[in-house]
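Below is one structure; the comments refer to it alone.
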Amino acid sequence: MKKSRPYKKITTGGSPVGPGTGWIALLLLLLAAMAVSAKVGVVHYSWVELWQSSIFWNLRLPRILLAVTVGAALSVCGAAYQAIFRNPLTDPYVLGISSGASLGAAVAILLGLEAWLLGVGACALASGLLTIVVIYRIASIGNRMHTTTLLLTGVCLTFLISALVSFLMVLHQDKMDSIIFWTMGSFASATWTDVALVAPVVLVGTAVVLYHCRDLNLLLAGSEAARSMGVEVERVKKRLLLATTLMVAFCVSATGVIGFVGLVVPHCVRLLLGPDNRRVVPYSIIAGALFLLLSDTLARTVLMPAELPVGSITAIVGAPLFIYLLYKNKKGF
Amino acid sequence: MITLRNISYAFGKKQVLEGIDTQFETGGFYAVMGANGCGKTTLLRLVAGLLSPQQGEVLIDEQSIGDLSARQLAQRIAFVRQHPQTDFEFSAFETVLMGRNPYQRHLQNESEEDWRIVEECMRQTGTWHLRFAKPHEMSGGELQRVMIARALAQQTPILLLDEPVSNLDIAHQFDILELLHTINCEQGKTILLVVHDLNLALRYCQSLLLIHEGRIHYQGPIAEGLTADNIRTVFGVEAQQKEGLLALSPLTANR
C-alpha cells in the first residue's frame, strides 16, 4: 500500500489523533497563564518577592491550582456525559449532580458545620453522590439505563433541589450569603486542603475517561451499534459515570456550583477540532483549565479589591464565544 | 454455523418468539421474512447478542454467545440496523473506521493495516468517493452502504442485516442486494437478511426462514418456501408465480 495516501487528513483533519504539538502548545499557554495569574492581584509583587511571599504560597497558588483542576474536571466530565447520553445539552449541572451537592452544602451551613474542617465539603460530597444514586435508581429500569429517563430525572431533581435551596435561604436569611456562595461557586476560599482532596480524584477520573476515549466515539453511534462493535456498553457507561460523578462531587464540595464550563468547553473544542473524542477529551482538559483559570483571574481582578462570582464571568466570556463558534460553523455548511 | 436452541423471548408479558429451533449453515444467504411484528428483528438481535433469550441459547460454531465478550462477538458477527443513528459529525471514513474497534486495544491508534482494510471495504461498497462526507450530506442509500462498509470492516464471518433496503428506491434496493450477493459468493460470509420484498429475496437469497406469530413457519430453499399457501398464511396476501416472479394481490376477504 502506498504511504502517500492522505489517510491522516481524512481521520483527523490534518493533525494526528490524540495530543500532538497543538496540545503541548496549549499546555505551555496554560502554564504561562498560571504564572501571570499568580502575579496579578490586590498586592503587587516583583517575581522575586512573589516567590518569597506567603500570599503566593498560601492564597494565590492553591487558588490557581484549584481553578485549573476544577476547570479540567468539569470539561472532561461534560465531554464524557455528552457522548454517553448522546445529547449535546448534557453536563454535570443538567444531570443534577452539581445542584445535589449544593443542597448538602446548604444543609451543612444551616446546621452550623462550617466550623469543622471538612464539614460542608463532606456534606456536599455525600448529597452529590446520593443524588446520582437516586437518579440511577429511577432511571435504570431492568438493568439498562435509559438516557431520556436519566436526563429528565436529572432536570426534575435540579428543579426540586434548587427550590429546596431557595426555601432554606428564605427560612434562614442570616446565612443567605454563605449559601449563595455555594450556588454560584467561588474559588475565594481555596486552600491546600481543597487541592489535596480534589486533585487526586480528578487525576484518576480523567485517566479513566481518557482510557475510554474511543468507546465514547462508538457510544455516539448508539448503544446498540457500540455493543455490536465490541464495546461492553453497560459496564463502560457505569464505570465512566462513577468516575465522572466522583470528580464533580469533589469539585462542587470545594468550590460550589460552577455551571457553563462543562457544557461549553467540550463543544468549543468539538467545533474547532471535530467530533473525535480522542482529541476532544485531551484538549478539553487544557482548554477547560485555561478557561476557568482566566475566568477566576478576571473575577478577582476586574473590580479589585471586590470579587465577582466566577460563574458570572464564565457565562459572560463563554456565552458570546460559544454563540460565535456556533454561528461560524453554521455558515460553513 | 449458527444454532438456535429452543429460543423463547418475551418483551414483558408479550411473547415474541417461542420455541425457535433452527440452524444457519456457514456460507448461506438467508432471507428472514414474516409480517410486521412477527419477531424477525428480535430474532436477529438475539443472534447478534444484543438481547439475551429468557429460554434457550444461541451458539456460534458450538460456542454459546453468552460466553463471549462483546469484543469476541464483534469479531464474529456484524450487525446493520434499519435506521442507522446519524446525529453525529463523523465522516464516512471515520464511521467505517469504527468497525475496526474489535481489533484495537484501548489507547491504541489505528494502524496502516486498519486504514487499508477500511479503504478496501469502502471501495467494495462503492463509498470511497464519499469518504469525507458527513451523515447529513449523504442520501439514504449512500448512508446504508457506508453502514454495510462499516460492518465489512469488522471482518466477521457472519453478517446480519435488519431491513437494510426498506427505505430505499428500487434501484438502490437492487444495488445493495447485488452487493450482498457478491459478498456472500466471494467472501463466503454467512448472511441473514430481514427483507420484505418477496421478489428481491427470491432473486438473491438461497434459503428462507419464514416466521409466523413468533414461530418458524417454514425453513428451507427459498424457491420452495414462497408458495401461494405460505404467503397466504403469513401475510394474508394472494400470490401467483409466473416465470420466477411473484404476482401479488391482497386477500380482500380477510381484510
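The numbers here are math on the coordinates, done by the rules we state, and not lab data. On a predicted model such as this, the values are computed, not experimentally measured, just so you know. Cβ coordinates were reconstructed from backbone atoms using ideal geometry, including for glycine residues, and neighbour counts include every protein chain displayed.
What is the extension gain from A:Arg235 to A:Leu29, computed as 0.36 nm multiplied by their sequence separation minus the C-alpha to C-alpha distance, in nm to one decimal? Intermediate results must be reported in sequence, preceding the final value.
Numbers: separation 206, 0.36 × 206 = 74.16 nm, distance 3.67 nm.
Difference between extended and current length: 70.5 nm.
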* Asked: Tell me which aspartates and glutamates have Cα within less than 12 Å of A:Lys175's Cα, excluding those fewer than 8 residues away on the same chain?
  -> A:Glu114
* To do: Rank A:Leu28, A:Leu303, A:Leu66 by mean-square fluctuation in a GNM of chain A with C-alpha springs under 10 angstrom and give only the top-ranked residue.
  => A:Leu303
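Can you compute the charge dipole magnitude of the stretch A:159-263 about its Cα centre, using +1 on each Lys and Arg Cβ and -1 on each Asp and Glu Cβ, nothing else charged? Give it in debye, rounded to the nearest 20. List each step's numbers first, then the result.
Details: 7 positive and 7 negative charges, 62 e Å.
Computed about the Cα centre, the dipole is about 300 debye.
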* Structure fact -> GNM of chain B, Cα pairs under 10 angstrom: of B:Thr127, B:Thr227, B:Thr156, the biggest fluctuation goes to B:Thr227
* Asked: So what are the radius of gyration and Dmax for the Cα set of the stretch B:116-250, in Å?
  -> 16.5, 49
* To do: Apply the Debye scattering formula to chain B, with a single equal point scatterer on each alpha-carbon and no solvent, then give log10 I(q)/I(0) at q = 0.16 Å⁻¹.
  => -1.23
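Tell me which trypsin sites (Lys or Arg not before Pro) from the stretch B:1-98 have a DSSP coil assignment and no more than 14 other beta carbons within 10 Å of their own.
On the way: sites: B:Arg5, B:Lys13, B:Lys14, B:Lys40, B:Arg45, B:Arg71, B:Arg76, B:Arg81; in loops: B:Lys13, B:Arg76, B:Arg81.
For trypsin sites (Lys or Arg not before Pro) across the stretch B:1-98 that sit outside H, G, I, E and B with at most 14 neighbouring Cβ atoms in 10 Å, the list reads B:Lys13.
What 222 nm value per residue comes from the helices of chain B, counting each DSSP H run with n ≥ 4 as -39,500 (n - 2.57) and dividing by all residues, nearest 500 deg cm²/dmol?
On the way: 9 runs with 84 residues, N = 255.
The helix contribution divided over chain B gives -9500 deg cm²/dmol.
Please work out whether chain A counts as rounded, prolate or oblate from its C-alpha gyration tensor, where a ≥ b ≥ c are the square roots of the eigenvalues and a/c under 1.5 means rounded, while otherwise a/b larger than b/c means prolate and anything else oblate? Present the calculation step by step, with values, prior to reporting the outcome.
Details: a/c = 1.95, a/b = 1.19, b/c = 1.64.
Oblate, since a/c reaches 1.5 and b/c is not below a/b.
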* B:Gly34's amide H: which non-local residues (gap 5+, or another chain) put their own amide H closer than 5 Å, with H modeled 1.01 Å from N in plane and none for Pro or chain starts? -> B:Ile211
* To do: Using the charge dipole of the protein assembly as shown (Lys, Arg: +1 at Cβ; Asp, Glu: -1 at Cβ; taken about the Cα centre), state which of B:Asn199, B:Ala70, A:Val264 has its Cα farthest towards the positive end.
  => A:Val264
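Restrict the search to the stretch B:1-85; then list the GluC sites (Glu not before Pro) that DSSP places in a loop and that have at most 16 other Cβ atoms within 10 Å of their Cβ. Present the calculation step by step, with values, prior to reporting the outcome.
Details: sites: B:Glu18, B:Glu25, B:Glu57, B:Glu62; in loops: B:Glu25, B:Glu62.
Answer by residue number: B:Glu25, B:Glu62.
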* Anyone know which of B:Gln241, B:Gln206, B:Gln75 comes out most mobile in the 10 Å Cα GNM of chain B? -> B:Gln241
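Quick one, could you list the DSSP H helices from chain A stretching 15 Å or more along their long axis (Cα atoms) with average Kyte-Doolittle hydropathy of -1.0 or above?
Passing helices, by number: A:21-39, A:61-84, A:97-110, A:119-139, A:147-171, A:192-211, A:233-255, A:261-273, A:277-301, A:310-332.
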* Structure fact -> Ranked on Cβ counts within 10 Å of their own Cβ, fewest leading, A:His172, B:His106, B:His212 go B:His106, A:His172, B:His212
* For chain B, what proportion of DSSP beta bridges, expressed in % and rounded to the nearest 5, is antiparallel? -> 60 percent
* aspartates and glutamates with Cα under 14 Å of B:Lys14, excluding same-chain neighbours fewer than 8 positions away -> B:Glu213
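Report, in deg cm²/dmol and to the nearest 500, the calculated mean residue ellipticity at 222 nm for chain A, where each DSSP H run with n ≥ 4 adds -39500 (n - 2.57) and the sum is divided by the residue count. Can you show the working numbers first?
Details: 15 runs with 242 residues, N = 333.
Roughly -24000 deg cm²/dmol at 222 nm, from the helical runs in chain A.
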* Structure fact -> Log entry: pair-distance distribution for the protein assembly as shown, C-alpha pairs binned every 20 Å from zero, whole % per bin is 19, 43, 27, 10, 1
* To do: Report the longest stretch of chain A that contains none of the trypsin sites (Lys or Arg not before Pro) sitting in a DSSP loop with at most 11 other Cβ atoms within 10 Å.
  => A:4-333
* Exposure proxy order (Cβ contacts within 10 Å, fewest to most) of A:Val236, A:Val252 -> A:Val236, A:Val252
* To do: Please give the average number of partner chain Cβ atoms lying within 10 Å of the Cβ of each residue in A:228-237, rounded to a whole number.
  => 6
* **Average beta-carbon neighbours from other chains, 10 Å sphere, peptide B:88-97** => 5
* **Hull shadow area, averaged, the stretch A:214-255 [alpha-carbon convex hull, nm²]** => 3.1 nm²
* Asked: How big is the charge dipole of the protein assembly as shown about its Cα centre, in debye rounded to the nearest 20, if each Lys and Arg gets +1 on its Cβ and each Asp and Glu gets -1 on its Cβ?
  -> 900 debye
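How would you rank B:Ile183, A:Ile138, going from fewest to most other Cβ atoms within 10 Å of each one's own Cβ? Each step should come with its number before you reach the end.
Working: B:Ile183 19, A:Ile138 16.
Ranked by crowding around the Cβ, least crowded first: A:Ile138, B:Ile183.
Could you tell me whether the stretch B:63-151 comes out rounded, prolate or oblate from its Cα gyration tensor? Rule is a ≥ b ≥ c as square roots of the eigenvalues, rounded for a/c under 1.5, then prolate if a/b exceeds b/c, otherwise oblate.
Details: a/c = 1.94, a/b = 1.44, b/c = 1.35.
Taking the square roots of the gyration eigenvalues as a ≥ b ≥ c, the stretch B:63-151 is prolate.
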* Structure fact -> Treating only Lys and Arg (+1) and Asp and Glu (-1) as charged, each at its beta carbon, one finds that chain B has a dipole about its Cα centre, in Debye to the nearest 20, of 500 debye
* Asked: Among the listed pairs B:Lys13/B:Lys242; A:Lys39/A:Lys238; A:Lys238/B:Lys189; B:Lys134/B:Lys189, which are separated by more than 31 Å between their Cα atoms?
  -> B:Lys13/B:Lys242; A:Lys39/A:Lys238; A:Lys238/B:Lys189
* Along the three principal axes, how long is the stretch A:176-322 when you take its alpha carbons, biggest first, rounded to the nearest angstrom? -> 57, 32, 24
* Overall form of the stretch A:157-198 per C-alpha gyration tensor (a/c, 1.5; a/b vs b/c) -> oblate
